[in-house]
1. Report the convex hull volume per residue for segment 318-428, counting only C-alpha atoms, in Å³.
2. On each of the three principal axes of the Cα atoms of segment 3-56, give max minus min coordinate, whole Å, ordered largest first.
3. Please report, to two decimal places, log10 I(q)/I(0) for segment 4-181 at q = 0.11, 0.17, 0.20 Å⁻¹ as given by the Debye formula with identical point scatterers on the Cα atoms and no solvent.
4. Order of Met77, Met103 from fewest to most other C-beta atoms within 10 Å?
5. Would you please put 36-42, 14-20 in order of how densely packed they are, using the mean number of other Cβ atoms within 10 angstrom per residue and starting with the highest?
6. Going through segment 68-116, which trypsin sites (Lys or Arg not before Pro) have at most 15 other Cβ atoms within 10 Å and a DSSP loop state?
7. Ranked by Cβ crowding within 10 angstrom, fewest neighbours first, how are Leu160, Leu365 ordered?
8. Using Cβ counts within 10 Å as a stand-in for footprinting exposure, how do Val356, Val32 rank, fewest first?
Amino acid sequence: MDRCVVLVDAGYLLGAAASLLAGEPSRSRITVDHAALIQGLRERAESDTAQPLLRIYWFDGAPDRVPQPEHRRLRVMSRVTVRLGALTRSDGRWAQKGVDAAMHAELTELARNRACSDVVLVTGDGDLLPGLMSAKEHGVAVHLWAVQAADGDYNQSEDLVAEADERRVLDRAWITKAVRAKELTGACAPQPATRPEIAAILSAPLPESALAAAERAPEERHAAPNGAAHTGHTAHTGHTGHTTRAEHDGTEHDGAAHDGTDRPASKGVPTPKDLAALRSPAPHAAPQPTPQQPANATLRWSSEKGWVERPGPAPDPADIAALPTLAQLTTAEQRWADREEDITTVGGDPYEVGQVFARRWMARLGDPAGLQKLSTMYPRIPHRVDGELLRYAARFGLLAHKDDQIDEHDRYAIRAGFWREIDVRTAAEPAPAGE
């Protein structure tokens, strides 16, 4: 069959690209435009083999073979098939298991069935030598591509190089069309880019319980011996189970954040950067009142904000608590269609996941009045809906494999996407009469 197939060992391709561009083989040191990379592979393969492309096979490892967001983006692209092996951690390093065997099996099967005339291998592993030799015996021309090595030497098995029919090198100029090295600040890992939607949630208004505590603080401070005031606390995400620590000196944050909508967010919970600034006040600044932590209370940084009494957050208002969950609103046919959409079109970006969930929930809720009431609770999401939202997000590989918790930054992005969709819908629909 006169067509070509590309088999890509993602661990080799991206690891070698990271070594070339960032000086070490860690894929966390680079950013990849997967659409541009796939297009570049297709154009180069068709040019080198003079045959139309049948398919690109992308072989990679993933924890428990669960597709990660990048794999979901790739597998919905035209002419791309993703094959996943296991990703295991040993001696502090991640290692792929089963990827070489899967590539060997695919290469041998394609050649045996004469599915193509040319095979492009993007790999450096000598374990594929038997499969390469078998493909040649079935009359398939084998093209071996290498990524330019950082030290100018080979980064492929010499036996593999010697056995290939054709060999090409993907040089720095070609690699940088789709791959970039991340800019680092000092020797630390790169900090995640600031997203205004997440900043808006972090700086959302405090509930009335916190404001009341601030008003009571001066009287409590006079009653306390030596004027001592409590300045520390523990923050956690309540029902989600993820724990973090923060410091709070009780000073109000006057800055306003914006999430791209008309919703202002002033007088909010300080972000870490704000806290650092507040701990170093300007000279001659007037002393600010410091509210004490209410007894048996904790500060929640989830869909709950401000001081709330233990053992749990204040209950949702009755009309909000009565709102049904997405599962209650979804029929069996819709559930099947949702799963199909998740597999074929949803890339898995945390912000996108929140948007997709909210879009489905609002479309099936069909209650403009309920949405208007919900929007007044920003940024708090009803407990049942919030838990369902995070469980939905876990399907897309957003769980941190170490402790099966969603990363804190991803949680904010998921909820920001949810609220963005709520804002779009409530802004487009007039409020019910009498409100």
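Where a number appears in this text, it was derived from the coordinates with a stated rule and is not lab data. A quick note: this is a predicted structure, and the numbers were derived from the prediction, not measured. Every residue, glycine as well, gets a Cβ built from its backbone with ideal geometry; the counts of neighbours run over all protein chains shown.
1. Values: hull volume 11.5 nm³, N = 111.
In segment 318-428, the Cα convex hull volume per residue is 104 Å³.
2. Its Cα atoms span 36, 17, 15 Å along the three principal axes.
3. Debye output, listed in q order: -0.43, -1.11, -1.59.
4. The fewest-first ordering by Cβ neighbours comes to Met77, Met103.
5. Output ranking for 36-42, 14-20: 14-20, 36-42.
6. For trypsin sites (Lys or Arg not before Pro) across segment 68-116 that sit outside H, G, I, E and B with at most 15 neighbouring Cβ atoms in 10 Å, the list reads Arg79, Arg114.
7. Leu365, Leu160
8. Ascending number of Cβ neighbours within 10 Å: Val32, Val356.
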